[in-house]
1. Out of the stretch A:195-244, which residues are among the acidic types (Asp, Glu) and part of a loop (DSSP other than H, G, I, E, B)?
2. Just wondering, is there one or more residues in the stretch B:92-111 that are closer than 19 Å to residue B:160 by Cβ, at pLDDT below 90, within 14 Å of another protein chain (Cβ to nearest Cβ) and within 16 Å of the chain's Cα centre (by Cα)?
3. Taking only pairs six or more apart or across chains, which ones have beta-carbon atoms under 9 Å, a first residue in the stretch B:150-162 that is farther than 17 Å from residue B:99 by Cβ and away from chain A (no Cβ under 11 Å), and a second residue that is of a type in the set (Lys, Arg) and surrounded by fewer than 23 Cβ atoms within 10 Å (Cβ to Cβ)?
4. So which of A:205, A:157 ends up being more than 14 Å from every other protein chain (Cβ to nearest Cβ), crowded, with 16+ Cβ neighbours inside 10 Å, aliphatic (A, V, I, L, M) and without any contact (Cβ under 8 Å) to a residue 60 or more places away in the chain?
5. With respect to the numbered conditions (1) crowded, with 21+ Cβ neighbours inside 10 Å; (2) over 14 Å from the mean Cα position of the chain (by Cα); (3) more than 14 Å from every other protein chain (Cβ to nearest Cβ), which one is the sole condition not fulfilled by residue B:65?
6. Give the residue, chosen from B:87, B:81, that is touching a helix residue (DSSP H, G or I) at 6+ places or on another chain (Cβ under 7 Å) and assigned to a helix (DSSP H, G or I).
7. In the list A:74, A:43, A:87, which residue meets the criterion of being without any contact (Cβ under 8 Å) to a residue 60 or more places away in the chain, exposed (fewer than 12 other Cβ atoms within 10 Å of the Cβ), farther than 30 Å from residue A:250 by Cβ and not polar (S, T, N, Q)?
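The values are calculated or read from the model by the stated rules, or taken from the named source; none is laboratory data. Just so it is clear, the model here is predicted, and its values are computed rather than measured. Here the Cβ positions follow ideal geometry from the backbone for every residue, glycine too, while neighbour counts run over all protein chains shown.
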Amino acid sequence: MTEYISLGQYIPVESFLHRLDPRIKILSTLMLTIALISADTMLELALLAIALLVLSSLSNIKIAEYWKGITPFLFIIFITAVIKIFLVSGNSVLSVWLINITAEGLKSALNLSIRLILIIYSAQILLLTTSIVSLTDGLGLLLRPLELMRFPVHELVMIMTISLRFIPVLLNESRRIRLAQISRGIDFQEGSIWERTQTYFAILVPLINASFQKANDLAEAMEARGYTAGKKRNRLYELNLSRSDYIYLFIISMLLSGIIMYHAVYPCQF
Amino acid sequence: MPIKAENVVYTYQAKAVYARKALQDITFQIDEGETVGIIGRAGAGKTTLLKLLNGLLKPDAGRLFIDEIDSSTIKKNSSVLIKKAGLVWQFPEQQLFETTVYKELVFGLKSQHLDSAEQNKRVREALEQVGLDYERFHNRQPSTLSTGEKRRLSIACFLVLKPRYLLLDEAMAGLDASGTERLIELLSRLNRKDRVGIIITGHHLGQLSRLCNRIMLLEEGRLLVDSPTAELTDYYNILMERGFTLPVHQEVLYQLKGRGWDINSRVHDAEEAVQRILSSL
């Protein structure tokens with residue numbers, strides 16, 4: 001069943017956004033985030049929201065999937081907004097005892113929540129359409145200039161890829177062990193908390209055992225195929241930028257420079 | 001009491017895009033004390049079938065009775081079926097975790113609330129059943145045992161629960177020739193002496209047919225062959241096409257029959273085959 005477990009939020013379908021180079025998508029997300037942070041009027045946010053909706057419609061993924069990724073953050077966004085309401089001073093609309101709610105406070109809380117939701121939304125565009133492997137791949141290539149400063153980019157990316165790759169494997173393994181232990185009569189639901197904690201050793205010990213075994217196997221397999229750390233290497237699959245990559249990058253940078261220019265013409269109003 | 005499957009269907013991730021039919025319309029009955037070998041390619045549904053018999057999965061359609069318990073009526077992860085039919089997973093030694101053999105065996109009994117005398121008795125019996133000496137082994141650390149011993153210990157972990165059936169998933173995998181030999185010996189003894197029904201999956205028809213009196217062939221979730229081991233030659237072509245070679249004595253009789261000999265190719269073991277050849281010479 002391993003092949004059915006997809007890590008993160010990646011949804012494997014065919015679309016324009018799925019075909020884009022991961023580097024382009026990472027850069028675009030970065031630019032969109034900068035645009036969202038520097039935008040501060042409702043008009044700008046509305047424009048960016050429309051732009052994001054258009055972009056996400058290129059992904060062949062239902063908007064409900066995007067919403068699923070946002071819901072876990074709603075509580076934190078709500079708390080942040082509430083704090084914001086009380087912290088901004090201005091014309092009072094409601095004043096009870098020490099609490100003073102201002103029109104400016106409400107406005108900036110709304111502004112902040114929309115901005116945060118849009119930032120998560122733009123991250124979703126990246127995460128839903130890019131598999132973890134190509135994400136780390138793209139990140140590795142983008143960080144490559146750091147190699148000049150003797151920063152071990154390749155090793156870092158390798159560690160990241162392997163640990164991410166092993167999460168579903170270990171998840172599967174722990175599920176398998178759990179079922180195996182249940183089928184030999186070990187009850188994970190019965191007993192006091194202390195007893196149940198002990199019962200979990202029945203999963204933990206074999207799982208840790210298996211992880212060491214798997215790590216060892218992997219290291220040996222990599223060495224057997226000629227992998228040594230710290231050598232200059234080339235890639236089996238070169239990532240090549242296509243015309244659509246450039247067009248996409250161009251559109252996003254236009255969006256960002258539009259926002260920045262807007263600020264140059266109409267300086268910040270808050 | 002027998003195991004009865006009536007038109008059992010099971011689909012993995014039924015609602016998802018990845019939905020994969022693992023079992024389609026399976027019907028059979030396995031009587032108490034039978035030894036059944038299930039063969040089939042990887043992904044044919046062998047393991048799924050064992051999980052259903054053990055209650056880890058429930059059929060999507062059709063009915064499944066184990067000892068007259070309808071498997072669709074029991075709660076998820078309930079131990080009712082587990083006590084009836086213990087499922088020994090592939091590489092069961094990987095699930096050993098306790099510090100001594102004794103503790104390992106007792107752990108599964110915790111939920112049964114037995115007194116310590118009864119626990120002790122069961123542990124001794126189970127170790128004896130798998131041919132490990134209690135005095136020598138009960139204080140050993142499971143991780144220091146050999147692979148064959150570990151596998152026998154993990155089978156003992158099921159036997160302490162006194163199951164009516166033992167379901168084994170690829171039990172011979174990773175064992176050397178003598179380890180396999182001893183395991184087959186152990187399982188047939190369990191079946192003969194203690195009337196434990198054995199249902200075992202595997203790829204090696206020769207090995208399974210020495211242990212089992214009945215062979216089932218699954219293909220893409222369907223039951224293609226369900227035959228007494230002695231009558232496997234009736235399915236010669238079906239089996240050969242899928243790469244399952246008959247035991248040598250059956251193969252020889254089948255070939256002789258093909259060359260015009262007037263001989264019955266249904267045969268239980270090599271000895272019987274030899275006798276039959278000699279008498280028709």
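1. Of everything in the stretch A:195-244, just one residue is among the acidic types (Asp, Glu) and part of a loop (DSSP other than H, G, I, E, B), namely A:238.
2. yes
3. Pairs that qualify, where the first residue is farther than 17 Å from residue B:99 by Cβ and away from chain A (no Cβ under 11 Å) and the partner is of a type in the set (Lys, Arg) and surrounded by fewer than 23 Cβ atoms within 10 Å (Cβ to Cβ), are B:152/B:182.
4. Working: A:205 fails: more than 14 Å from every other protein chain (Cβ to nearest Cβ).
After ruling out the rest, the residue left standing is A:157.
5. (1)
6. Details: B:87 fails: assigned to a helix (DSSP H, G or I).
B:81 is the lone residue from the list that is touching a helix residue (DSSP H, G or I) at 6+ places or on another chain (Cβ under 7 Å) and assigned to a helix (DSSP H, G or I).
7. Values: A:74 fails: exposed (fewer than 12 other Cβ atoms within 10 Å of the Cβ); A:43 fails: farther than 30 Å from residue A:250 by Cβ.
From the options A:74, A:43, A:87, the qualifying one is A:87.
A quick yes/no check of all residues on (1) surrounded by fewer than 16 Cβ atoms within 10 Å (Cβ to Cβ); (2) over 27 Å from residue B:276 (Cβ atoms):
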residue	(1), (2)
B:176	yes, yes
B:179	no, yes
B:197	no, yes
B:205	no, no
B:220	yes, yes
B:223	no, yes
B:237	yes, no
B:240	yes, no
B:245	yes, no
